[in-house]
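The values are calculated or read from the model by the stated rules, or taken from the named source; none is laboratory data. All values derive from a computational prediction rather than experimental measurement. Here the Cβ positions follow ideal geometry from the backbone for every residue, glycine too, while neighbour counts run over all protein chains shown.
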Amino acid sequence: MKVQPAAAMFFAVIAASASGGVEAHAQPGGQPAEAAAPLQVAVPGEEFLPAAVRAKQQDDFDNPAFPFVQAGEAAWAKAEGEKGKACKDCHGAPPEQRVTSAVVSYPSYARDAKQILTLPARINFCRKHALRAPELAEGSDQMMAMTAYLRWAVRGRAPTADVSGPAEAVLEKGKELYFKKIGQLQYSCADCHNQNFGQKFGGETLSQGHAVAYPVFSLGQKRMISLDERFRMCNRLARAEPQAEGSPDYIALELYLNWRSKDLPVTAPGVRP
Ligand code: HEC
Ligand code: HEC
């Protein structure tokens, strides 16, 4: 890997504080970025967590994200908006197979919206057009509740990225972005998550950066964190410009992550330190 002086120092720091456990799978250099840093085996993020955090995630009664799941379930059945309709009126309660199949494949191309939608964008599309209800803000308790509920409903199922049609080019773009060095520190996502997973970084252990646990509850921040917010946190670590929710780059990255973690079951809603 070609590293700038600042980056070399950064990785020296994380290497020096590495505490054994999972080994980083650094690849020999001299090859194109992607070939030099493929992910050999997909390891879920939970493997890199302290045991107590992992246990919290697995126990619905102890998982601090679970009240959001319950609020989402209630909202699913509640009539809202000018049309006085509830999600369940069109999609069944609990959500029918059709919905759950879509949830594991999002972001994907939606024929009615004529664009690629993430799950929050899909929820807002239906609120706006099917319910005539106000859209939900990113990171709002209501949006966190609905995404947590729908992702919880597909727990244990593997993501099935639909990369046909217009999604194909978006997947390629996502892959490119994942290996692109960005920000003042010139780190790519792959520098941290493909080449240095298992290493200590600050107080945390770098995982492979899968999205299957999202949205998650952060114990440190005592609130839910969306995937886009995690992307922004990662951008800041590279001292790169964070982007707004639903930016084309974030949609492409999310689609790529969904494709990349197709062997890992959804574990949402996750719990993180
Ligand atoms: C009036 C009927 C209607 C209501 C009410 C409705 N939707 Fe939808 N929803 C649709 C249609 C139509 C699609 C697109 C199906 C397709 O592309 O084949 C869809 C698709 C979806 C999908 C993706 C699954 C799929 O089949 O593509 C999700 C997730 C979803 N809606 C969530 C919601 C949520 C959350 C609510 C409540 C806030 C809601 N919907 C309310 C009509 C509705
Ligand atoms: C400077 C190192 C660094 C870079 C670069 C970086 N991340 Fe991260 N990322 C982290 C840290 C630290 C965490 C929290 C611990 C963990 O799960 O790795 C994290 C977590 C994540 C998670 C959540 C994993 C989980 O299971 O909770 C995802 C998804 C993610 N990153 C995606 C990305 C993407 C996409 C990029 C490129 C845009 C990126 N990261 C770039 C350091 C980085």
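For segment 61-84, enumerate the residues that are more than 8 Å from ligand 1 (Cβ to nearest atom) and not in a loop (DSSP other than H, G, I, E, B). Explain how you work it out, then say what you get.
The first filter runs over segment 61-84 and keeps only residues more than 8 Å from ligand 1 (Cβ to nearest atom), leaving 61-74, 77-79, 81-82, 84.
Matches in segment 61-84: 66, 67, 68, 69, 70, 71, 72, 73, 74.
Quick one: would you say residue 104 is more than 29 Å from residue 125 (Cβ to Cβ) and either surrounded by fewer than 19 Cβ atoms within 10 Å (Cβ to Cβ) or out of contact with any Leu (no Cβ under 6 Å at 6 or more places or on another chain) (or both)? So that I can check it myself, show each step before the final result.
Values: more than 29 Å from residue 125 (Cβ to Cβ): no; either surrounded by fewer than 19 Cβ atoms within 10 Å (Cβ to Cβ) or out of contact with any Leu (no Cβ under 6 Å at 6 or more places or on another chain) (or both): yes.
Considered against the rule, which asks whether it is more than 29 Å from residue 125 (Cβ to Cβ) and either surrounded by fewer than 19 Cβ atoms within 10 Å (Cβ to Cβ) or out of contact with any Leu (no Cβ under 6 Å at 6 or more places or on another chain) (or both), residue 104 comes out as no.
Give 136, 171 a once-over and let me know the one that is buried (at least 16 other Cβ atoms within 10 Å of the Cβ) and not assigned by TED's automatic domain parsing to the domain that holds residue 115. Steps first, answer last, please.
Details: 136 fails: not assigned by TED's automatic domain parsing to the domain that holds residue 115.
Just a single option satisfies the conditions, and that option is 171.
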Check your understanding: Residues of segment 135-149 being touching an Asp or Glu at 6+ places or on another chain (Cβ under 8 Å) and at pLDDT 95 or above, which ones?
Key -> 149
Exercise for review: Inspect segment 85-93 for any residue being modelled with pLDDT under 95 and either near ligand 1 (Cβ under 8 Å from one of its atoms) or more than 28 Å from residue 168 (Cα to Cα) (or both) and give the result as yes or no.
Suggested key: yes
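Name the residues in segment 195-220 that are within 16 Å of ligand 1 (Cβ to nearest atom) and either farther than 19 Å from residue 42 by Cα or without any contact (Cβ under 8 Å) to a residue 60 or more places away in the chain (or both), would you?
215
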Point to revise | Residues that are hydrophobic (A, V, I, L, M, F, W, C), touching a strand residue (DSSP E or B) at 6+ places or on another chain (Cβ under 8 Å) and farther than 18 Å from residue 230 by Cα, drawn from segment 168-213 | key: 170
Point to revise | Single unsatisfied condition, residue 128 versus (1) more than 22 Å from residue 54 (Cα to Cα); (2) in contact (Cβ under 8 Å) with a residue 24 or more places away in the chain; (3) within 11 Å of ligand 1 (Cβ to nearest atom) | key: (2)
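State whether one or more residues within segment 142-155 are crowded, with 20+ Cβ neighbours inside 10 Å and hydroxyl-bearing (Ser, Thr, Tyr). Before you say what the answer is, go through the steps one by one.
Let us first name the residues in segment 142-155 that are crowded, with 20+ Cβ neighbours inside 10 Å, namely 143-154.
After this cut, where a residue has to be hydroxyl-bearing (Ser, Thr, Tyr) as well, the list is 147, 149.
Among the residues of segment 142-155, at least one is crowded, with 20+ Cβ neighbours inside 10 Å and hydroxyl-bearing (Ser, Thr, Tyr), which makes the answer yes.
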Review point. If the Cβ limit is 6 Å and pairs must be 6+ apart or interchain, which residue in segment 74-85 that is of a type in the set (Gly, Ala, Ser) pairs with which residue that is assigned to a loop (DSSP other than H, G, I, E, B) and surrounded by 15 or more Cβ atoms within 10 Å (Cβ to Cβ)?
Key: 77/86; 79/86; 81/133
**Study point:** Subset of segment 104-133 (residues that are over 20 Å from residue 250 (Cα atoms) and either of a type in the set (Ser, Thr, Tyr) or part of a strand (DSSP E or B) (or both))
**Key:** none
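Answer with yes or no whether residue 155 is within 17 Å of residue 255 (Cβ to Cβ), in contact (Cβ under 8 Å) with a residue 12 or more places away in the chain and under 19 Å from the mean Cα position of the chain (by Cα).
On the way: within 17 Å of residue 255 (Cβ to Cβ): no; in contact (Cβ under 8 Å) with a residue 12 or more places away in the chain: yes; under 19 Å from the mean Cα position of the chain (by Cα): yes.
No; evaluated as a whole, the condition is false for this residue.
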Point to revise | Failed item in (1) surrounded by 18 or more Cβ atoms within 10 Å (Cβ to Cβ); (2) more than 8 Å from ligand 2 (Cβ to nearest atom); (3) in the same structural domain as residue 257 (by TED's automatic domain parsing), with residue 120 passing the rest | key: (3)
